[in-house]
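The structure appears right after this line, and notes come after that.
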Amino acid sequence: MALLEVKNLEVCYGVIRALKGISFEVNQGEIVSLIGANGAGKTTTMQSIMGLIPIKSGTVTYDGQVINKIPGHKLVPMGMSQVPEGRRVFQEMTVYENLVLGAYAQKDKKKIKDDIDEICTRFPRLGERKKQVAGTLSGGEQQMLAMGRAMMSHPKLLMLDEPSMGLSPLLVDQVFEIIKDYHKSGVTILLVEQNAKKALSISDRAYVLETGAITMEGNAADLLNDESVKKAYLGE
Amino acid sequence: MSTIFDGLSLGAIYALIALGYTMVYGIAKMLNFAHGDIIMVGAYAIFTTLAAGGHIGLALVVAVVVCVVFGIVIEKVAYKPLRGSSPLAVLITAIGVSYLLQSVAQIIFGAKAQTVSMVSFGSMKIGSAEISIASVITLVVGAVIMAGLTLFVRNTRTGRAMQAVSEDKGAAQLMGINVNRIIMITFAIGSALAACASIFYLMQIPSTEPTLGSMPGIKAFTAAVIGGIGSIPGAMIGGVLLGVVEKICLSIPVLAPYTTAVEFAILILILLVRPIGLLGKKRREKV
Ligand SMILES: Nc1ncnc2c1ncn2[C@@H]1O[C@H](COP(=O)(O)OP(=O)(O)OP(=O)(O)O)[C@@H](O)[C@H]1O
Ligand SMILES: [Mg+2]
């Protein structure tokens, strides 16, 4: 069953049509990735799903409910969570405060404390740095924090926008391991990546986005072996 | 001694008003030029309550309620529809709201200044210095309010959400924070603080007129900029600094006529040395 279903989604910035009516779906329990070059519209897709950018036309359905008209902040308690492009951790706040904000919908303080402990086991680096101001974390640590923060709301669907951006190869591997691991705990994943090879290697299915339109879709394994994908996105 | 004391208490008034400017700027990223006029609204609320025979405590409550309602309605009707449009459009609207409030006050209460029948607090002697009790009350209550506000912003769920919205609206929404609600709460808090400022202001000068808010509004805005607009402790420090400087200048006969000039000279000096104000933060550009 589709947990997230996007149908004919159209988004414009002024006169620029950034998304020209795209359709895709993410089934319960899958990892689906959305790959594409710079400016293809990946971030636009992610942000419009979460209500950060207004939708011109089309529908977004989550868990059987049309969510176009639902204010973005209400989607979090419904089980949607996003690690935005560029991390966007709260720079002036500590690691701990960032994680507390991730649990904004949760009012039980004890539960928040336990969840933070759990996140700190998953990300030991964060555990060591609870009191550190987020703006002084390294890029990799900020990525971990952004992921930990998004997990604090116990999402059913976690959306990640280029989590590997700007990280060293070792850290990229770590980030993908964490995503795989988190997926095993029963969370559905929608992943946006420029690192198509890595993304496809952990995904069940994938879509290729080109200048606002989906040009290809299929099983991740098939796409990994597809000649045109290889040429355009895998640098082979 | 008593000059410093009066300066501190005037500073507390400026600080209370400056907080409204700075919090709204920090969270809604707009200069609410109508904020000064909320003090005038509060002053007329107090005037009306006292004239009707109400107690001063009741007058304060009425002022807070009226100012908060005005703050929320102004935000909803005038500013919210403009969210996301150019800062210039918002600024012009704020100036328009300011004139609107002043004009309506003039229609209802007339243009002439009216005496507010405030309770007189008198003064007390500490050693050789004569200190006005109104100043003591202003200083103490002002300090308590500001300490409370600081604790609120640092330690409550809503306070943290306010910090988050001021840093990054989009990321705040991704946390499940209702950004519109936080902006509304910010306007409400700023207006409540302005209502407190208006009662303290009337304790010093028991007279109100439609343009009452202009001067303290501009001074408090200056204080907010000196402290670093967007910074809560900055607004407090800027306000107190400006209040003390003003009272000292007024107490020195040669300087007295140039008081306002001295205050703005300080603003310019501080901005030359530190363009972001005393406690302002340089915002990292988002990638
Ligand atoms: N705020 C905006 N105003 C105008 N145009 C925008 C805005 N944001 C994005 N665009 C345009 O929309 C298109 C899609 O941008 P988007 O950020 O979604 O691409 P992307 O696939 O995420 O790219 P990248 O891989 O570089 O992050 C681009 O042509 C971009 O210039
Ligand atoms: Mg992008």
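Observations on the structure shown:
- The radius of gyration of the Cα set in region B:135-284, together with its Dmax, comes out at 17.3, 57 angstrom.
- Rotationally averaged projected area of chain B (alpha carbon convex hull; nm²): 16.2 nm²
- With contacts taken as Cα pairs under 8 Å at a separation of at least 6 residues, chain B carries a relative contact order of 37 percent.
- At least 10 Å² of accessible area lost relative to the chain alone, listed for region A:142-178 with a 1.4 Å probe: A:Arg149
- Approximating the spin labels as points 7 Å out from Cα along Cα→Cβ, the A:Arg17-to-B:Ile108 distance works out to 5.2 nm.
- Value of D in µm² per second that Stokes-Einstein yields for region A:78-149, Kirkwood Rh from Cα pairs, at 10 °C (1.306 mPa s): 131 µm²/s
- Interchain or long-range residues, amide H under 5 Å from A:Cys12's placed H: A:Ala18, A:Lys56
- Of the residues A:Gln65, B:His55, A:Thr215, the one whose Cα sits farthest toward the positive end of the charge dipole of the protein assembly as shown, with +1 on the Cβ of Lys and Arg and -1 on the Cβ of Asp and Glu, is B:His55.
- Rounded percent of accessible protein surface that carbon and sulfur make up, region A:1-91, 1.4 Å probe: 51 percent
- Selection from A:Ser201, A:Ile119, A:Gln174, by position along the positive dipole direction of region A:113-236 (Cβ): A:Ile119
- Rounded to 10°, Cα long-axis angle of helix B:214-227 versus longest principal axis of chain B: 60 degrees
- The mean of 1/r over all distinct Cα pairs in region B:202-250, once inverted, gives the Kirkwood hydrodynamic radius of 11.6 Å.
- Out-of-range pairs (alpha-carbon distance over 23 Å; input A:Lys109/B:Lys80; A:Lys20/A:Lys197; B:Lys29/B:Lys76; A:Lys107/B:Lys80; A:Lys20/A:Lys198): A:Lys109/B:Lys80; A:Lys20/A:Lys197; A:Lys107/B:Lys80; A:Lys20/A:Lys198
- FRET efficiency, A:Met1 to A:Ala213 (Cβ-Cβ, R0 25 Å, nearest 0.05): 0.45
- Highest mean packing first, where packing is the average number of other Cβ atoms within 10 Å per residue, the peptides B:222-228, A:121-127, B:207-213, B:34-40 line up as B:34-40, B:222-228, B:207-213, A:121-127.
- Taking trypsin sites (Lys or Arg not before Pro) in DSSP loop conformation with at most 16 other Cβ atoms inside 10 Å as exposed sites, chain B has its longest uninterrupted site-free stretch at B:113-280.
- Amide hydrogen proximity for A:Leu75: with H placed 1.01 Å from N in the peptide plane, no residue at 5 or more positions away or on another chain lies under 5 Å.
- Placing R0 at 22 angstrom, the Cβ-Cβ distance between B:Ala261 and B:Met1 gives a FRET efficiency of 0.30 after rounding to 0.05.
- Across region A:39-69, the residues whose backbone nitrogen lies under 13 Å from the label position 7 Å along the beta-carbon direction of A:Gln194 are A:39-43.
- Simple spin-label estimate for A:Thr121 and A:Ser228 in nanometres, 7 Å along Cα-Cβ: 4.7 nm
- Gain on full stretching of the segment that runs from B:Ser117 to B:Tyr99 - 0.36 nm per residue minus C-alpha separation: 3.8 nm
- Per residue value of the accessible surface for region A:1-71 (all protein chains in place, 1.4 Å probe), Å²: 43 Å²
- Dipole magnitude of the protein assembly as shown, debye to nearest 20 (Cβ charges: Lys/Arg +1, Asp/Glu -1, about Cα centre): 580 debye
- Of A:Lys74/B:Lys169; A:Lys130/B:Lys281; A:Lys7/A:Lys42, those spanning more than 19 Å from alpha-carbon to alpha-carbon: A:Lys130/B:Lys281
- Take every DSSP beta bridge whose two residues both sit in chain A; close to 55 percent of them are antiparallel.
- Within the shell of other residues whose beta carbon sits under 14 angstrom from the beta carbon of A:Ala206, the net charge comes to -3, with Lys and Arg scored +1 and Asp and Glu -1.
- Selection among B:Ala197, B:Gly230, B:Met175 by position relative to the dipole of region B:167-287 gives B:Met175 as farthest towards the positive end (Cβ unit charges, Cα centre).
- Using a 1.4 Å probe over protein heavy atoms, the accessible area lost on pairing A with B, summed over both chains, comes to approximately 2300 Å².
- Cβ-Cβ FRET estimate between B:Ala51 and B:Leu250, R0 fixed at 35 Å, reported to 0.05: 0.70
- Once both labels are positioned 7 Å from their Cα atoms along Cα-to-Cβ, the gap between B:Lys281 and B:Arg181 label points is 2.3 nm.
- For the protein assembly as shown, the calculated P(r) over all alpha carbon pairs, in 20 Å bins from 0 to the bin holding the longest distance, is 21, 44, 26, 9, 0 percent.
- At 1.002 mPa s and 20 °C, Stokes diffusion of region A:1-144 via Kirkwood alpha-carbon radius, µm² per second: 125 µm²/s
The values are calculated or read from the model by the stated rules, or taken from the named source; none is laboratory data. All figures in this text were calculated on a predicted structure; none of them were measured in a lab. Here the Cβ is made from the backbone with ideal geometry for all residues, glycine too, and neighbour counts use every protein chain on show. Surface accessibility is based on the protein's heavy atoms, side chains included, excluding ligands, DNA and RNA. Shrake-Rupley method; radii C 1.70, N 1.55, O 1.52, S 1.80 Å.
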